[in-house]
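Okay, structure first, notes after.
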Amino acid sequence: MKTFKILFLFSAALIVCACNKISLTKEEAYKLIEQHRKYPQIQSYQIYTKDAEDGRRVLDAGLEKDGLVQVERNHKTGENQKAIIRFTDKASELLLPPDKGQLSSVQKVKIAEEVLDSVVSVQVSEQQKTALVTFTTKYINVNPFSKLDKKDYSQIKKHEAKLSLTKDGWTVQ
């Protein structure tokens, strides 16, 4: 009977110690990083509708053939009173609202959305106060306007985030 009591007390102490140990799962890290970094993030590009250079870029990217824009070809150099680039109805869902103070001749377009793909690893320090989280992001909803940007939207990007344990739980630094 005495052995049973000792075994019971030892088991209870082991359970209490295990409960006090704060761990961080991949799922918890995923949620914290997604909230802190505000995923999904919209990737955008600014097109200067009165600029002949941007008109050339849009043509070279094949956006007029895709039916997203119309480019005025009879434009004289130095004439910047009217827009060279006009967006079609097909492009309307990809047009973003202007930023405060943005020129009326600048149109921001949506290129893609960067989303949190997965948490690769969670390394909690020996003191259980910090954790290093390795995670990946990818781009979704990539559209033809992405041809204007030099970024490769097909690749998966690897990132790291440092999390710290506070009295309120784990937080991203």
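Please treat every number below as a calculation from the coordinates, not as lab data. This one's a predicted model, so the numbers in the text were calculated from it and none came from an experiment. All Cβ positions, glycine included, derive from the backbone under ideal geometry; neighbour counts span all protein chains shown.
Grab the Cα-Cα distance for residue 141 and residue 105, subtract it from 0.36 nm times how many residues apart they are, and report the gain in nm with one decimal.
10.4 nm
Stokes-Einstein D for segment 23-172 at 20 °C, 1.002 mPa s, Kirkwood Rh over Cα pairs, in µm²/s?
Approximately 119 µm²/s, per Stokes-Einstein.
Once phi is turned into θ = phi - 60°, what whole-Hz ³J(HN,Hα) does the Karplus curve with 6.51, -1.76 and 1.60 give for every residue of segment 83-96, x standing for Gly and Pro?
Rounded to whole hertz, the list is 5, 8, 10, 10, 8, 8, 4, 4, 8, 4, 6, 9, 7, 9.
In the structure shown, do any of 65/158; 50/157; 31/110; 26/147 have a Cα-Cα gap over 27 Å, and if so which?
In this structure, 65/158; 50/157; 26/147 exceed 27 Å between Cα atoms.
Listing 154, 105 from the residue with the fewest other Cβ atoms within 10 Å to the one with the most, what is the order?
Ordered by Cβ neighbours within 10 Å, fewest first: 154, 105.
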